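Notes for the one structure printed next.
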Amino acid sequence: MWLSSRAWLPILVQGYFHLWRLRAPITWGGCRGPMTEAFSAGAEAATGLKTPAQQNGDVSGDASGERLSRSPEPVGPGVEPALEDGKRTQASEEQALVAASGPGQRRKRRDAPKERVVPPPKKRRAGVSFGDDHFAETSYYFEGGLRKVRPYYFDFQTYCKGRWVGHSLLHVFSTEFRAQPLAYYEAAVRAGRLHLNEQPVQDLSIVLKDNDFLRNRVHRHEPPVTADPVRLLAENEDVVVVDKPSSIPVHPCGRFRHNSVIFILGKEHQLKELHPLHRLDRLTSGVLMFAKTAAVSERIHEQVRDRQLEKEYVCRVQGEFPTEEVTCKEPILVVSYKVGVCRVDTRGKPCETVFQRLSYNGHSSVVQCRPLTGRTHQIRVHLQFLGHPILNDPIYNSVAWGPSRGRGGHIPKTDEELLRDLVAEHQAKQSLDGLDICEGDLSPGLIGSTARSSVLGKDHLEKLATSAQKMDGAVEAAPQDLDTIALAPEKAAETDAVNQEIDPLCAECRLVRQDPLPQDLVMFLHALRYKGPGFEYFSPMPAWAQDDWQED
């Protein structure tokens, strides 16, 4: 007998309800991960709280697994009730972890070590130059006709280079920072001077990642320069023009920082945020211009590109220079950017210099030079090619170039042999500063066997690391506490470290270098005049360019 449709309805509803009860654990268990995460997110939004992973900045990779196990159990209709003892079984927890991690992802265990997180790089303020905090790092003193900088602590800072990614700090120091042996860097780690992302490095085997930020504190010594002052030739709302002495670099480079024109102007003339408008070699003296704003700098650089500026130099060269005007158009090739050496070569860049002899004293000639292009060392290289190098040029009047010293472009050796012989000559004279380099900049093939980096053994450096660590604490101590620091008699040198003059780990502190004579810091090349649309600046003729000057 067929039942009416009204009679079948209760039976169908009851059957559907029984089927739903049988499928409910599977259905809710399968979507437990996403539901739990949604409830956790809702709870955090409502309370303003964050999970521990979010508080530590770790919101990727393991967020779904670790956060799920720590999230509070959501309460609401349709959610699987908690077990009687308030804990999930191991099977249900693993099931939730698998569901939360998603297909194709590896499940992360609770006890697995966390991956090192690299903070994002800091934004740099474009166009900002050196300020009062930089100028206050140390001070000058004058002795024997030289300007000297008191040794000071300095933090070298850099972001991880692309070629360093995936390599250990040990590898980077051993291949790119050869100024010190590896034992020194190991001692620096123990002394707490090497930081990665502002955290002390514990082991040099740590592998670098993109955006890693390195900071290394060192004890810095700067070479002396001439005590001649940096004189102001002119100043207005747009530019500052100075008469640069020889031996002082324009801006910080290599071992020079405070002994640079930029720092001297900031410390002694309160002139800051300057933009150099042209380059002068460190050993070249004369007219040097700075713009006070970026807009003025761009305007004058546009004039340089349009060949609207005229530069005039004067130099004293070896031998009797021809009386007629001489134009040299030989192309110039850079042999080594690091060592700073160029030579005439057909593969080089085109350039042109016009020379005119001004006087001759029987041994050397004073020559006017007008460079029509602006290649590195252009005047010096062209004079060498013409057979009349600058009288006291430490590079291009060197015997390292061979018997003819590069005249006519004749150099009877390879570039590698030339660089090796130049470095060996300056190492013998202890005058690598004449090449504007230090031993740490040289490749192993160019360094002599007497390199200072091998002076100390590893055992001695370990002892010094402990001493340096104590001194770092002393330097950072309050001034009123410094007098109460007890030091053993055998560590008397540590007392000077408090004044930042002597550092236990610094190899330079243990060397006794002979000061150069002031006349040894002068090269006979001088920027006499600089002219452009609406301006013209002169510098006085130097003493060595006078007609009555006599060689020593």
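The values are calculated or read from the model by the stated rules, or taken from the named source; none is laboratory data. Here the structure is a predicted model, which means the values were calculated and not measured. Positions of Cβ are generated from backbone atoms using ideal geometry, with glycine treated the same way; all protein chains shown enter the neighbour counts. These area figures cover heavy atoms from the full protein model, side chains too; ligands, DNA and RNA do not enter into them. Shrake-Rupley method; radii C 1.70, N 1.55, O 1.52, S 1.80 Å.
Brief remarks follow.
- Yes/no for Cys351 being in the same structural domain as Asp421 (by the TED database) and part of a strand (DSSP E or B): no
- Residues that are surrounded by 12 or more Cβ atoms within 10 Å (Cβ to Cβ), among the basic types (Lys, Arg) and farther than 13 Å from Pro371 by Cβ, drawn from region 303-330: Arg316
Conditions (1) at pLDDT below 95; (2) over 12 Å from Thr158 (Cα atoms); (3) not hydroxyl-bearing (Ser, Thr, Tyr), marked per residue:
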position: Ala188; (1), (2), (3): yes, yes, yes
position: Ala191; (1), (2), (3): yes, yes, yes
position: Leu196; (1), (2), (3): no, no, yes
position: Pro200; (1), (2), (3): no, yes, yes
position: Leu208; (1), (2), (3): no, yes, yes
position: Phe213; (1), (2), (3): no, no, yes
position: Pro224; (1), (2), (3): no, yes, yes
position: Ala227; (1), (2), (3): no, yes, yes
position: Val230; (1), (2), (3): no, yes, yes
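- Conditions (1) assigned to a strand (DSSP E or B); (2) farther than 23 Å from Leu418 by Cα; number of the one not met by Cys342: (2)
- Qualifying residue in region 246-260 (condition: assigned to a loop (DSSP other than H, G, I, E, B), exposed (fewer than 15 other Cβ atoms within 10 Å of the Cβ), touching a residue at least 60 places away in the same chain (Cβ under 8 Å) and not charged (D, E, K, R)): no
- If you go through region 213-245 and keep only what is open to solvent by 30 Å² or more (accessible area, probe 1.4 Å), assigned to a strand (DSSP E or B), charged (D, E, K, R) and not assigned by the TED database to the domain that holds Glu143, you end up with Arg231, Glu235.
- Qualifying residue in region 289-301 (condition: in contact (Cβ under 8 Å) with a residue 60 or more places away in the chain and assigned to a loop (DSSP other than H, G, I, E, B)): no
- All conditions in (1) part of a loop (DSSP other than H, G, I, E, B); (2) under 33 Å from the mean Cα position of the chain (by Cα) hold for Glu324, with the sole exception of (2).
- Some residue of region 254-272 being within 17 Å of Gln378 (Cβ to Cβ) and of a type in the set (D, E, K, R): no
- Residue ID - farthest from Pro181 (Cα to Cα), chosen from residues in region 502-517 that are of a type in the set (Asp, Glu) and surrounded by 14 or more Cβ atoms within 10 Å (Cβ to Cβ): Asp503
- The one condition from (1) open to solvent by 20 Å² or more (accessible area, probe 1.4 Å); (2) hydrophobic (A, V, I, L, M, F, W, C); (3) modelled with pLDDT of 95 or more; (4) within 32 Å of the chain's Cα centre (by Cα) that Leu358 does not meet is (4).
- Near pairs, Cβ below 6 angstrom, 6+ apart or cross-chain, from region 181-200 (basic (Lys, Arg)) to any residue that is assigned to a helix (DSSP H, G or I) and open to solvent by less than 10 Å² (accessible area, probe 1.4 Å): Arg190/Ala465
- Cβ-Cβ contacts under 9 Å between residues 6 or more apart (or on different chains), taken from a first residue in region 109-124 that is at pLDDT below 65 to a second residue that is in a loop (DSSP other than H, G, I, E, B) and open to solvent by less than 100 Å² (accessible area, probe 1.4 Å), are listed as Ala112/Asp62.
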